[in-house]
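The values are calculated or read from the model by the stated rules, or taken from the named source; none is laboratory data. Since this is a predicted model, take the numbers as computed values, not measurements. Using ideal geometry, Cβ is built from the backbone for each residue, glycine included, and neighbour counts are taken over all protein chains shown.
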Amino acid sequence: MRHVSVSPAGSPANLAVVDAPDQPPGEDEVAVAVAAAGINRADLLQRAGHYPPPPGASDVLGLEVSGTVVDVGPGVSGWAPGDQVCALLDGGGYADRALVPAAQLLPVPDGVPLADAAALPEAVCTAWSNLAGVAHLAAGEWLLVHGGSGGVGTVAVQIGAALGAHVVATAGGPDRVERCRALGAELGVDHREQDFVEVVREASGGHGADVVLDVVGAAYLADNVRVLATGGRLVVIGMQQGRRGELDLGALVARRASVTGTTLRSRPAAEKAAVVAAVREHVWPMLADGRVRPVVHARLPLAEAAAAHELLDSGDVFGKVLLVP
């Protein structure tokens, strides 16, 4: 097999394609010939040495792939060689062959090209598990999605709209704001020019956001609390602009609100399997009828992983960047 190695941890220039022996699938595992691998910000952090894989996971980058099943291990049922799939991984996606826990496989949705399906697993599982599972987003509620132009954000906007929420998305620049609106956001906020607290408060008639999905972190903490409605839920899934911030407990208590932080990669296998099963039940029908679709910014060859990382880090990406072996 060919996979991308990073040695030593650091800059994108340290990424290189190397050869390694194929490993057979183990108990309850499936081997997938990779058609494409999605790139996530977690990969950039791991490459830089700031986000080690959980115990037992591959140290090869890549948390989601699409492709074709080529072999199944002992104990696997429901999957067979030739099946077209996409998958949530613990690691190992930047390769032409990946081993996947069978419980983290999904069929490629009807109407979605095989390679583009690699843009779905990590983003959809993150968005669904937080919007539906953590925040209990309901129809008619106001949802604020920060980073609406990102990999998770583009999916969260679509899922929120499909659930019947009033979706507001932040993005950088008028063009990106309009593209978020095209995905289903009722309102877009140009965070370079506008105050999202004022925009949401005005649009909602003073109500505020029932749910905030945040990838920014510390820099937005105070304003995220300010924008919450009574009973609002702030869900932090990223820390792109800081890990530490000052929380006004008085403002939180006055709103009877909550702040939750979550991550997906380090969850136990049984929890990931439950998330994948819920996504297949609830989100896959949204893909089948067109309410949700993958948003792919660029597809680059596996050998150009360094350029792909630089592209994602540039801030110019709308949606996902894929590596194609």
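Restricting attention to the range 225-241 and to residues that are within 16 Å of residue 141 (Cβ to Cβ) and crowded, with 16+ Cβ neighbours inside 10 Å, the residue that is farthest from the chain's Cα centre (by Cα) turns out to be 229. Suppose the filter is assigned to a loop (DSSP other than H, G, I, E, B) and at pLDDT below 95; does residue 24 pass it? When the stated conditions are applied, residue 24 does not pass them. Which residues, counting only those in the range 138-152, are surrounded by fewer than 24 Cβ atoms within 10 Å (Cβ to Cβ) and among the aliphatic types (A, V, I, L, M)? Correct list: 138, 139.
Here residue 123 fits the description: touching a residue at least 24 places away in the same chain (Cβ under 8 Å), buried (at least 23 other Cβ atoms within 10 Å of the Cβ) and within 18 Å of residue 238 (Cα to Cα). For the subset of the range 256-272 comprising residues that are crowded, with 17+ Cβ neighbours inside 10 Å and in contact (Cβ under 8 Å) with a residue 40 or more places away in the chain, which member is farthest from residue 152 (Cα to Cα)? Applying the filter and picking the extreme gives 272. When residue 64 is tested against (1) under 18 Å from the mean Cα position of the chain (by Cα); (2) in contact (Cβ under 8 Å) with a residue 60 or more places away in the chain, only condition (2) is not met.
Taking the condition closer than 15 Å to residue 156 by Cα, in a helix (DSSP H, G or I) and within 17 Å of the chain's Cα centre (by Cα), does residue 287 pass? In short, yes.
Scanning the range 27-56 for residues that are assigned to a strand (DSSP E or B) and farther than 27 Å from residue 149 by Cα gives 29, 30, 31, 32, 33.
Out of the range 137-188, which residues are farther than 19 Å from residue 321 by Cβ, in a strand (DSSP E or B) and of a type in the set (A, V, I, L, M, F, W, C)?
Going residue by residue through the range 137-188, those that are farther than 19 Å from residue 321 by Cβ are 137-146, 159-170, 174, 177-178, 181-182, 184-188.
Within this subset, residues satisfying the condition of being in a strand (DSSP E or B) are 142-145, 166-170, 187-188.
Listed by number, the residues that qualify are 142, 143, 144, 145, 167, 168, 169, 187.
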